[in-house]
1. If the viscosity is 0.692 mPa s and the temperature 37 °C, what Stokes-Einstein diffusion coefficient in µm²/s follows for the chain when Rh is the Kirkwood radius over Cα pairs?
2. Could you compute the net charge surrounding Pro15? Neighbours are other residues with a C-beta less than 9 Å from the C-beta of Pro15; K and R count +1, D and E count -1.
3. Check which residues have an amide H placed less than 5 Å from Ala66's amide H, if you skip close sequence neighbours.
4. Each label point is 7 Å from the Cα along the Cα-to-Cβ direction; what then is the distance between the points at Thr42 and Tyr30, in nm?
5. Please go through the chain and write out the chymotrypsin sites (Phe, Trp or Tyr not before Pro) that DSSP classes as loop and that have at most 15 other C-beta atoms within 10 Å.
6. Stretch Arg68-Arg18 to full length: gain in nm at 0.36 nm per residue minus the Cα-Cα span?
7. Determine the sum of side-chain charges near Val47: Lys and Arg each +1, Asp and Glu each -1, restricted to other residues whose C-beta is under 13 angstrom from that of Val47.
8. Ordered by residue, what ³J(HN,Hα) values in Hz, to whole numbers, does the stretch 73-81 give under the Karplus form 6.51 cos²θ - 1.76 cosθ + 1.60, where θ = phi - 60° and Gly and Pro are x?
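Quick note: the coordinates plus some simple rules give every number you see, no bench work behind them. Note that this is a predicted model, so its numbers are computed, not measured. Virtual Cβ from ideal backbone geometry, glycine too; neighbours counted across all protein chains shown.
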Amino acid sequence: MAALRRLVTLDTLSPGKRGRIAAVKEGVLYRRLLALGLVPGTVVAVVRRAPFGDPVAYLVRGYCLALRRQEAATILVEEIG
C-alpha cells in the first residue's frame, strides 16, 4: 500500500521546515510563481518570517525568495524532513 501524502499550503510551514511542491493553484500569480522556479517537485525551505509574520523568506533552488502569506497559500507542498 502506498504511503499517503499529506499536502499543506506553503504558508503553514514553520521556519526550518522543508517541503516539496506538489502543485501551484491557478490564479493571477500562477505564471509568475512558475517563472520564479516554484514548479512541482522543487524543494522549498522556510528560512525566516518577518516580525509580524509577513512576508516569509524561502530558499528555492539556491536563492532566497520573499513571498507574502497570501501568495504562499496558493502553493501546495508535501512536508519533508
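1. 260 µm²/s
2. +3
3. Here Tyr58 satisfy the definition.
4. 1.7 nm
5. Counting only loop positions with at most 15 other Cβ atoms within 10 Å, the chymotrypsin sites (Phe, Trp or Tyr not before Pro) in the chain are Phe52.
6. Value of the extension gain: 16.3 nm.
7. So the environment of Val47 carries a net charge of +4.
8. 5, 8, 10, 8, 10, 9, 5, 10, x
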